[in-house]
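Asks: Before I ask anything, let me first share the structure, which is written out below as structure tokens.
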Amino acid sequence: MRKYRAAIIGLGKQSTEDHLPGIINSQFAELVAVCDINTNLVSRVASQYKVKGYDSCQELLKKERIDFAIVAVPHDAYADIIPTLVKHKVHILKEKPFARNLREAIKFAKLIKNADLECMVTLQRRFNPIFNSFLQLKDQIGDLYFVDCRVTMFLEEPQSGWRGLSKTAGGGVILDLGYHMIDLIIWYFGLPDYIHAQFNVNNKNKKCHNVEDMAALLFCYKSGFHGSLFISSHCPPKEQNIKLLGSRGLIQLERGSISRMSCCGEVMEKLTRENAWPAASTEQIDYFCRILNRERENYGGPEYHMKHMAFIEAAYRSQKQGSYISPKDLLNRYEY
Ligand SMILES: NC(=O)c1ccc[n+]([C@@H]2O[C@H](COP(=O)([O-])OP(=O)(O)OC[C@H]3O[C@@H](n4cnc5c(N)ncnc54)[C@H](O)[C@@H]3O)[C@@H](O)[C@H]2O)c1
């Protein structure tokens, strides 16, 4: 396969920790340029990686010929960057969330579809064997009863900076920290039939943010299977757990390990894998190149992520209306 020419737009934490090291180890992508509105950051990263640096995405696209862009910017900044990339016929590997809300998601999806471009949302868990083993183990525990999902971490200032304001972030922990877990719920069980959410802005320093920093969601399926999701950015320790109960046992997934247990909690089998994350960043980029080369299916495209956006929209509407909301009804209401 030829090497695809790529640029990275947004050189903050996510690009520094994942995408820049990820692309350097890629088999199929070559970094040709970087871009950030912070000019000091651009100079530093451009000289470190010996590539061209730009402080505007438009400028980069005028001067460079690229096949795809990896975009990792504050959530409001995608609103200009995505249409600009589409206009220049550049494929997009986009950081989560797909959009700030369902309306914006539909706009992005239409633009991308009409231009016949590939866009994939980056979700590293899809490239980690621990998370991939879940479906295989799930089939061994009989009828499914209940799933308990938790994503927590402790930040001194939860949701600070652009993440703290609904205008820039689009939402709090449900949209941001919760997006990966919502992807796992949809991947493992499908889009729920009903969602109920309760959330609030708990952190004492409320002035610095107006988005939720703690949320409790219930989600149900018509089959009777149901689950809960707790998300918090100021609840230690840092963890990400799924516990699935079935008639023949349970599955416990934690960061770095997954176990299948008997009904009384005896471990029947366990898989652990440390240090899988750096490899996942590279694998994700190479997978996207294989999509561009028509060797792989794009399972993380706009149409699929419409489900995530409907899940999130249902959660926000549920709090407002104080009732269960059907994400499927929300999806059916929109044409895209
Ligand atoms: N997949 C994950 O696990 C994961 C983890 C963290 C963040 N993220 C996502 O990555 C994205 C970025 O998050 P982050 O933590 O790196 O944020 P950040 O604030 O650390 O970095 C964002 C960078 O984008 C730059 N920027 C802002 N507007 C720009 C524009 N118009 N053009 C170019 N650059 C611009 C900023 O100057 C900054 O350097 C978000 O979508 C976030 O949700 C994903």
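Derivation of every value follows stated rules applied to the coordinates shown; laboratory data play no part. Just so it is clear, the model here is predicted, and its values are computed rather than measured. So basically every Cβ, Gly included, is an ideal-geometry build from the backbone, and we count neighbours across all protein chains shown.
Asks: So what is the calculated 222 nm ellipticity per residue for the chain, using -39500 (n - 2.57) for each DSSP H run with n of 4 or more, over all residues, to the nearest 500 deg cm²/dmol?
Replies: After summing the helix terms and dividing by the residues of the chain, the value is -9500 deg cm²/dmol.
Asks: Mean-square fluctuation check for the chain, GNM, Cα pairs under 10 Å: which of 151, 51, 71 is largest?
Replies: Among 151, 51, 71, the largest mean-square fluctuation in the Gaussian network model of the chain belongs to 51.
Asks: For segment 129-272, calculate the relative contact order in percent as a whole number, restricting contacts to Cα pairs under 8 Å that are 6 or more residues apart.
Replies: 33
Asks: I would also like to ask the following. How many nm separate the modelled label positions at residue 290 and residue 264, each set 7 Å beyond the Cα in the direction of the Cβ?
Replies: Each label point is offset 7 Å from its Cα along the Cβ direction, giving 4.3 nm.
Asks: Under a point-charge model restricted to the Cβ atoms of Lys and Arg (+1) and Asp and Glu (-1), what is the dipole moment magnitude of segment 129-272 relative to its Cα centre, in debye to the nearest 20?
Replies: Around 220 debye, computed over segment 129-272.
Asks: For the chain, set up a Gaussian network in which alpha carbons nearer than 10 Å are linked by springs, and say which option among 74, 236, 302 fluctuates the most.
Replies: Top of the fluctuation ranking is 236.
Asks: With angles folded into 0 to 90 degrees, how steeply does helix 78-87 sit against the dominant principal axis of the chain? Use alpha carbons for both and round to 10.
Replies: That works out to roughly 60 degrees.
Asks: Let me ask something additional. Over 20 Å between Cα atoms, which of 138/243; 222/328; 13/63; 62/87; 96/307; 52/110 qualify?
Replies: Pairs exceeding the cut-off: 13/63; 52/110.
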